[in-house]
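Shown next, in structure tokens, is the structure this report addresses.
The values are calculated or read from the model by the stated rules, or taken from the named source; none is laboratory data. Everything numeric in this text was worked out from a predicted model, so none of it was measured. So basically every Cβ, Gly included, is an ideal-geometry build from the backbone, and we count neighbours across all protein chains shown. These area figures cover heavy atoms from the full protein model, side chains too; ligands, DNA and RNA do not enter into them. Shrake-Rupley method; radii C 1.70, N 1.55, O 1.52, S 1.80 Å.
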Amino acid sequence: QERVQKKTFVNWINSYLSKRVPPLRIEDLIDDLRDGTRLLALLEVLSGEKLPVERGRVLRRPHFLSNHNTALQFLSNKRIKLVNINASDLVDGRPPIVLGLIWTIILYFQSQSSRIDHGLGNEIAKIATNLAQELRAKWVTLSCPN
């Protein structure tokens with residue numbers, strides 16, 4: 001099921017990154033978002049706003065963290081509630097955290113635009129309930145150590 005979620009989210013993200021100039025793509029949801037540059041590009045396309053990005057041929061963990069912190073601060077400024085999502089978990093590629101973040105972004109920006117892309121909308125709607133339940137369960141696990 002996680003594989004289906006990742007594929008659906010990759011398709012949704014690519015549908016927006018293809019509108020960027022120059023267009024971008026992601027192939028692997030977890031690995032391709034690790035440095036934060038494509039996440040910031042996605043947020044720029046969705047919001048129409050320009051965001052500061054750490055770029056370069058040799059980006060390292062501090063740059064990745066900076067990019068993710070920029071993205072998380074941007075979302076926080078939009079009053080998007082981010083529960084247990086932090087930059088280091090995104091850089092480390094923790095699937096439940098990455099999936100949760102992308103789902104939160106989808107919910108916010110789809111409700112803002114009041115439309116869902118046809119082919120992807122049905123797919124996203126089908127996994128919404130399951131994903132929400134999984135994320136809730138993982139959040140409880142992370143929030144309540146043994």
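Surface exposure of region 1-42, expressed per residue as accessible area with a 1.4 Å probe, stands at 48 Å². When you filter the GluC sites (Glu not before Pro) in region 1-101 for DSSP loop state and at most 16 other Cβ atoms inside 10 Å of their Cβ, you are left with E27, E49. In loop segments of region 2-90 as defined by DSSP, the trypsin sites (Lys or Arg not before Pro) with at most 16 further C-beta atoms inside 10 Å of their C-beta are K19, R20, R25, K50, R55, R57, R60, K78, R79, K81. So, R0 is 25 Å and r is the distance between the beta-carbons of S111 and K7; what FRET efficiency does that work out to, to 0.05? With a Förster radius of 25 Å, E is 0.65. Modelled label positions at S47 and S66, each set 7 Å beyond Cα in the direction of Cβ, lie 1.8 nm from each other.
Within region 57-105, none of the chymotrypsin sites (Phe, Trp or Tyr not before Pro) combine a DSSP coil assignment with at most 11 other C-beta atoms in a 10 angstrom radius.
Distance between the modelled labels on K78 and D32, one decimal in nanometres: 1.9 nm (7 Å Cα→Cβ projection). Couplings 3J(HN,Hα) of region 87-98, computed from phi: 4, 5, 5, 5, 5, 6, x, 6, x, x, 6, 4 Hz, in residue order, whole Hz [Karplus 6.51 cos²θ - 1.76 cosθ + 1.60, θ = phi - 60°; x for Gly and Pro].
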